[in-house]
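Data block below; observations after.
The values are calculated or read from the model by the stated rules, or taken from the named source; none is laboratory data. Here the structure is a predicted model, which means the values were calculated and not measured. Here Cβ is always computed from backbone atoms with ideal geometry, including for glycine, and neighbour counts include all displayed protein chains. Calculation scope for accessible area: heavy atoms of the full protein, side chains included, ligands and nucleic acids excluded. Shrake-Rupley method; radii C 1.70, N 1.55, O 1.52, S 1.80 Å.
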Amino acid sequence: MDLNQLKENKPKRPVMFYYAIAFVVLLLLNFVLVPWLSEKSIKETTYNEFVGQLDAGNVTKVEVRQDEYSIYYIVEVNGKELICKTGLMDDPNLVERLDRSGVEYGTPIPTKQSPFLALILTWIIPIAIFMFIGNMLSKKLAQGMGGPGAMSFGKSNAKIYVKSSTGIKFSDVAGEDEAKELLSEIVDYLHHPEQYQAIGAKMPKGALLVGPPGTGKTLLAKAVAGEAEVPFFSISGSEFVEMFVGMGAAKVRDLFKQANEKAPCIVFIDEIDTIGKKRDGNFSGNDEREQTLNQLLTEMDGFDGSKGVVILAATNRPDSLDPALLRPGRFDRRIPVELPDLQGREEILKVHAKNIKIADNVDFSAIAKAASGASGAELANIVNEAALRAVRDGRRFATQADMEESIEVVIAGYQKKNRVLSEKEKLIVAYHEIGHALVAAKQTNSAPVHKITIIPRTSGALGYTMQVEDGEHFLMSKEELENKIATFTGGRAAEELIFHSITTGASNDIEQATKIARGMITRFGMSDEFDMVAMENVTNQYLGGDSTLACSFETQTLIDKKVVELVKKQHDKALQILQDNIMKLHELAKYLYENETITGEEFMNILENRNN
Ligand code: ADP
Ligand code: MG
Ligand code: ZN
């Protein structure tokens, strides 16, 4: 999976090595070099020698140091001065000797270096050496970490990828045909710019990949790197976020400088929303982030598109991006990377199944159907879980059953083997799950059930109903939505009907039902009162889709009332359906209670047998 990186990593030496060098240098400096240099070289001689030199007339200067019991004298031989030293003798003739030879005596002979030189030797040189070593050390450390680090503020750490044999290709990305088509046009341009220039067409400077998490945005960008035979700079938006104001901007500048040098090339900024957030008028706004964004805007304007620098970016929060970033001339292409449809899911499963050993008779389309709403990342995970399950059971390859179980694992969590439900609880869960399924099956428009289990899951669910949709739905009618609400209330309805008491088990159903009901009223114009007026706006559509209310307080109260009415009506409908089929409810629940699992087929058999 890894692409070749241009930068080669040298084998790294342990940090201790450099500390040891620094320590040895310091020792040498202090105990050998400094004392040696700070004293001028002085020759020790005998008293005889001194007297001899004096008599020979070679001595030019003498100083007697009583406190050191020494005599210092300067001998001049062949025009060279030499400082000598000898012991102080009790010589009564000394003064006479000195007078006789006519030397200058009594003035001090300098034997120490000047204080200025001493300062340089003892302070400035060691500090310089330390700075040098420290610098080297941090460089080495940074290399060891695989990128410029501590001492290199303001350098972009974009990784450069080149075309490589192991790289990801477009063929590794299943589905997403529109995105691939748009991106391959960019790759084509980088390969043959002449064709485009001949007709006068300009390539878009930038393209923005938007879509929910796990749909393959990063994968697509890597595939572009694999296909394009040009350098590919990849950096994540968060890498621009620095502690110091101005550093992020410096990194952006550096990145674009590098890109311009390497053109034609592709620059990929992943998770661009970290730096590209809307600049709001807040005074407490993040200065650093704003500067980084401004720099990015400037750089994108500044470079010459015809040079062949194409900027790709990915985000799952397009609505939070600054509008200035999205205007033509910057990211003028927006490439949606949506959740895969049925066919896309099947293809993704097949792409990933190539990497594992799997039985020949696995029906990928059935699995794709059962995994409706799953993203590419989840599908990849499902295939891997299936392989893991096969290993756990000591089989050599994964089977259809492995795949089906792993859908549940990925969506609902692992089976919780040690959580034991009491018999009463198990019975309640069985009725609850059958309640959902029966209501769904009895409403013609609802999707039939694929499988129901009442084995507790690590996610906390006590039972699990896997629904299968026959085909793809892009539009939902009002009736279908209402039926969906009824299905969600079916679990609780069964509990009420059979046990005349209610449990906490329906909290998730309640949440889902409410969400649909609210959406119908506030966003889809499916209520009589509000006609086609939006009462809520969705923000963050790719990340769960929170919504913000946009109406007066009075209306909010009315909306709440309408939501309750809508859910209540469907709840009553579910109760009615179960009441009408109470014998089936008992029979199915009994089956599920005893077997813990019921497939869609078994379910329909039981349901239809007595109906005939
Ligand atoms: P995001 O859109 O969040 O950047 P990624 O590109 O990181 O998602 O996808 C995560 C993983 O999911 C990929 O490494 C890949 O294994 C799998 N995946 C997602 N979409 C696809 C796809 N269309 N085809 C094949 N694998 C996919
Ligand atoms: Mg990503
Ligand atoms: Zn339920």
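The figures follow:
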read-out: Condition met for R330 (of a type in the set (K, R), within 16 Å of ligand 2 (Cβ to nearest atom) and either touching a helix residue (DSSP H, G or I) at 6+ places or on another chain (Cβ under 6 Å) or open to solvent by less than 20 Å² (accessible area, probe 1.4 Å) (or both)); value: no
read-out: One residue from K205, K222, K217 being away from ligand 3 (no atom under 16 Å from the Cβ), at pLDDT 90 or above and among the basic types (K, R); value: K217
read-out: E496 vs. criteria open to solvent by 40 Å² or more (accessible area, probe 1.4 Å) and within 16 Å of ligand 3 (Cβ to nearest atom); value: yes
read-out: Qualifying residue in region 548-558 (condition: open to solvent by 50 Å² or more (accessible area, probe 1.4 Å), within 41 Å of the chain's Cα centre (by Cα), within 16 Å of ligand 1 (Cβ to nearest atom) and at negative phi); value: no
read-out: Residue match in region 292-309 (condition: acidic (D, E) and closer than 23 Å to G216 by Cα); value: no
read-out: Checking Q541 against (1) within 40 Å of the chain's Cα centre (by Cα); (2) under 22 Å from E479 (Cβ atoms); (3) part of a loop (DSSP other than H, G, I, E, B); (4) of a type outside the set (V, I, T), the condition it does not meet; value: (2)
read-out: Meets criteria (more than 16 Å from ligand 2 (Cβ to nearest atom) and not in a loop (DSSP other than H, G, I, E, B)) for A198; value: yes
read-out: So R345, is it of a type outside the set (S, T, N, Q), touching a residue at least 60 places away in the same chain (Cβ under 8 Å) and in a strand (DSSP E or B); value: no
read-out: Close pairs (8 angstrom Cβ cut-off, 6 or more residues apart or separate chains): free of Cβ contacts under 8 Å to residues at least 40 places away in the same chain in region 171-196, more than 16 Å from ligand 2 (Cβ to nearest atom) and open to solvent by 40 Å² or more (accessible area, probe 1.4 Å) anywhere; value: H191/E229; Y196/K202
read-out: Out of G214, G226, G200, sole residue that is open to solvent by 10 Å² or more (accessible area, probe 1.4 Å) and within 16 Å of ligand 1 (Cβ to nearest atom); value: G214
read-out: Filter result for K417 (outside any helix (DSSP H, G or I), at pLDDT below 85 and open to solvent by 20 Å² or more (accessible area, probe 1.4 Å)); value: yes
read-out: Unmet criterion (only one of (1) surrounded by fewer than 15 Cβ atoms within 10 Å (Cβ to Cβ); (2) of a type outside the set (V, I, T); (3) touching a helix residue (DSSP H, G or I) at 6+ places or on another chain (Cβ under 6 Å)) for E511; value: (3)
read-out: Selection from region 18-48 of residues that are closer than 21 Å to P110 by Cα, modelled with pLDDT of 80 or more and part of a helix (DSSP H, G or I); value: Y47
read-out: Per-region count, region 204-244, residues more than 11 Å from ligand 2 (Cβ to nearest atom), of a type in the set (A, V, I, L, M, F, W, C) and assigned to a strand (DSSP E or B); value: 6
